[in-house]
Amino acid sequence: MKRTIKDLVNLKGKVVLLRVDFNVPIDEGGKILDTTRIDNELPTIEYLIKQKAKVVILSHLGRPDGFDVRKSLWPISIVLSRKIDCNVSFCNLVIGDEVKERIKLLQEGDILLLENVRFYKEEEECDMKFAREIASMGDIFVDDAFGVAHRKHATNFGLARILPNAIGFLMEKELTALNQILESPKRPFVAVLGGAKVETKTKILEKFIEKADAILIGGAMAYTFLKAKGIPVGQSIVYDESVPVARAILELAQNSGKKLLLPIDHICMHAKSKSIVTTSKMYGDLIGFDIGPETVKLYDEEISKAGEIFWNGPLGMYENKNYRNGTQSIAEHIAHSKAYKCVGGGDTVATINLFNLTKKFDYISTGGGATMKYLEEGSLPAIDVIQEKIK
Ligand code: ADP
Ligand code: 3PG
Ligand code: MG
């Protein structure tokens, strides 16, 4: 078990460097479109303030190439100051004398949000000189940035190697939920996997063949599996290089006696006439963009029997209303099932928000890549470097 902020004593007056993942969707005008990742961070911040620490917050936003005003964390400091009852200020730098001065001015229970750490190329290079410079400004490092814990960057991996450290409440909550999926899922455990690229989902598929009782496949990646089985897929997206892998996964499922279901009908677009066709038999000009009603029925049977469900990846091209029904129907069935339901993945969480089903899920991971990687490997580099709890 990793050390948590509850294990840290005497925080009063200490400068806590808190790494969070405030990588929120933000529009060109700096308007924050979804505050989930900020809201989920409040318990940790509130706890540190109550302990009278001086809290210096570090985060990335997007993937900027050097300084980019559209990726500034300044709008986030405004939102944060509205959500939390204490002094929140912002500094448009991460290192340097000005930052040191601003930290000196902090009173116990104050918050200082620093600028986007990715404005410095040293962040993603995990430059230890950069990390040491930041570390010199604080007493303790708290990592609560689960969403980026699969990356070895200076302000997560680097800082943890220098300063006494612990994880925050959000990181603890994520690990507890994901460990439960890995170690003791309620049975039958059903995994629903969609999305586009097969190669990004191979490892998770292998993991679920090991852990789950049934795996329901949808999305563009289903066509690579259908092709591997010799079923015609028209002009649907097929990752030819992944066909052998798909074949191996199908064999693995069969040899392990696990149920791996593929779509039996599809909502397609006719490549020439652009008309929409629902069919169980694909042919030359059809492109599959969603699972069809018979597939929804088939998958619902498994969902209604499930004790636990993990869902990642939209089952169709949900961004287009014509191809949204499969994802929406399955989302609604999962939401209303009696199973313990967890979801992970950027696009998948977006669909749940879109269908107003957020409150129906038992666990919504704030991570995308990090969540999948944790389920695949059972560990993440930025978490591995955190100190263990003293027993
Ligand atoms: P997540 O972000 O939840 O992990 P992915 O990024 O793997 O999910 O997949 C989401 C993308 O997959 C969406 O952009 C969606 O449009 C696309 N997609 C799903 N099914 C299809 C399909 N049949 N054809 C083309 N794109 C699809
Ligand atoms: C995410 O949104 O998945 C995390 O903030 C990590 O972002 P990244 O993929 O740009 O490292
Ligand atoms: Mg995605």
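Overall, the chain carries a charge dipole of about 580 debye about its Cα centre when +1 sits on the Cβ of Lys and Arg and -1 on the Cβ of Asp and Glu, all other atoms neutral. Values of log10 I(q)/I(0) for the chain across q = 0.07, 0.11, 0.12 Å⁻¹ run -0.37, -0.83, -0.94, by the Debye formula with one identical scatterer at each alpha carbon and no solvent. On a per residue basis, region 19-75 carries 48 Å² of accessible surface, using protein heavy atoms and a 1.4 Å probe.
For the chain, give the share of DSSP beta bridges that are antiparallel, in percent and rounded to the nearest 5; count only bridges with both residues there. DSSP beta bridges in the chain are roughly 20 percent antiparallel.
Annotation: amide H of residue 54 within the under-5 Å range of 13, 14, 15, 16, 109, sequence separation 5 or more or interchain, hydrogens built in the peptide plane. The aspartates and glutamates whose alpha-carbon is closer than 19 Å to the alpha-carbon of residue 373, local same-chain residues fewer than 8 away aside, are 21, 124, 143, 144, 172, 174, 183, 199, 206, 210, 347, 384.
Annotation: amide H-H contacts under 5 Å for residue 2 (H modelled 1.01 Å from N, sequence separation of 5 or more, or interchain): 389.
For residue 280, the solvent-accessible surface with a 1.4 Å probe is about 80 Å², rounded to the nearest 10.
Counted residue by residue at 0.36 nm each, then reduced by the alpha carbon distance between them, the extension gain from residue 84 to residue 132 reaches 14.3 nm.
Dividing the radius of gyration of the alpha carbons in region 62-114 by their Kirkwood radius gives 1.00 for Rg/Rh. Taking all protein chains together and a 1.4 Å probe, the residues 184, 242 rank 184, 242 from largest to smallest accessible area. Comparing mean-square fluctuations of 13, 369, 316 from a GNM of the chain with C-alpha springs under 10 Å, the top value falls on 13.
Note on residue 360: lysines with a C-alpha under 20 Å away, same-chain residues under 8 apart excluded, are 173, 186, 305, 338, 341.
At a Förster radius of 25 Å, what calculated FRET efficiency corresponds to the Cβ-Cβ distance of residue 161 and residue 32, to the nearest 0.05? My answer for the efficiency is 0.20. Computed across region 224-360, the Kirkwood radius stands at 15.9 Å (inverse of mean 1/r, all Cα pairs). Using 0.36 nm per residue and subtracting the Cα-Cα separation, the extra length available between residue 251 and residue 272 on full extension is 4.0 nm.
Expressed as a whole percent, the accessible area of region 153-278 that falls on carbon and sulfur atoms is 54 (1.4 Å probe).
Solvent-accessible surface of region 252-391, averaged per residue with a 1.4 angstrom probe and all protein chains in place: 46 square angstrom.
The label point for residue 294 and the one for residue 358, both projected 7 Å from the Cα toward the Cβ, are 3.8 nm apart. For region 95-111, 3J(HN,Hα) computed residue by residue from phi via the Karplus equation (6.51, -1.76, 1.60; θ = phi - 60°) reads 10, x, 4, 4, 5, 4, 4, 5, 5, 4, 6, 5, 9, 4, x, 8, 10 Hz, glycine and proline entered as x.
The Cα center of region 7-33 and the Cα center of region 193-244 differ in position by 37 Å.
Note on region 30-140: semi-axes of the ellipsoid equivalent to its C-alpha gyration tensor, largest first and rounded to whole Å, are 21, 19, 12. Sparse packing (at most 16 other Cβ atoms within 10 Å of the Cβ) combined with a DSSP loop state is found for the following trypsin sites (Lys or Arg not before Pro) in region 183-236: 186, 197, 229. Which of 373, 258, 50 moves most in a GNM of the chain, Cα contacts under 10 Å? In this elastic network of the chain, the residue with the biggest mean-square fluctuation among 373, 258, 50 is 50.
Comparing 172, 308, 294 in a Gaussian network model of the chain where C-alpha atoms under 10 Å apart are linked, the largest mean-square fluctuation is found at 294. Please give the Cα centre distance for region 318-360 versus region 45-118, rounded to the nearest Å. Using only Cα atoms, the two centres lie 34 Å from each other.
Legend: Rg and Dmax of region 280-360, from Cα coordinates, 13.0, 42 Å.
Here's the list of lysines a cross-link from residue 50 could span, going by alpha-carbon distance under 18 Å and ignoring same-chain residues fewer than 8 apart: 6, 12, 14, 83.
Here the extension length gained between residue 279 and residue 10 equals 90.3 nm, from 0.36 nm per residue of separation less the Cα-Cα distance. Think of it as helices only: each DSSP H run of n ≥ 4 in the chain is worth -39500 (n - 2.57), and spread over all residues that comes to -10000 deg cm²/dmol at 222 nm. Per-residue accessible area (protein heavy atoms, 1.4 Å probe) orders 364, 140 as 364, 140, starting from the largest. Packing around the peptides 158-167, 381-390, taken as the average count of other Cβ atoms within 10 Å per residue, puts them in this order, highest first: 158-167, 381-390.
The values are calculated or read from the model by the stated rules, or taken from the named source; none is laboratory data. Note that this is a predicted model, so its numbers are computed, not measured. No Cβ is skipped: glycine too gets one built from the backbone with ideal geometry, and neighbour counts run over all protein chains shown. Quick note on the areas: whole protein, heavy atoms, side chains included, nothing else; ligands and nucleic acids left out. Shrake-Rupley method; radii C 1.70, N 1.55, O 1.52, S 1.80 Å.
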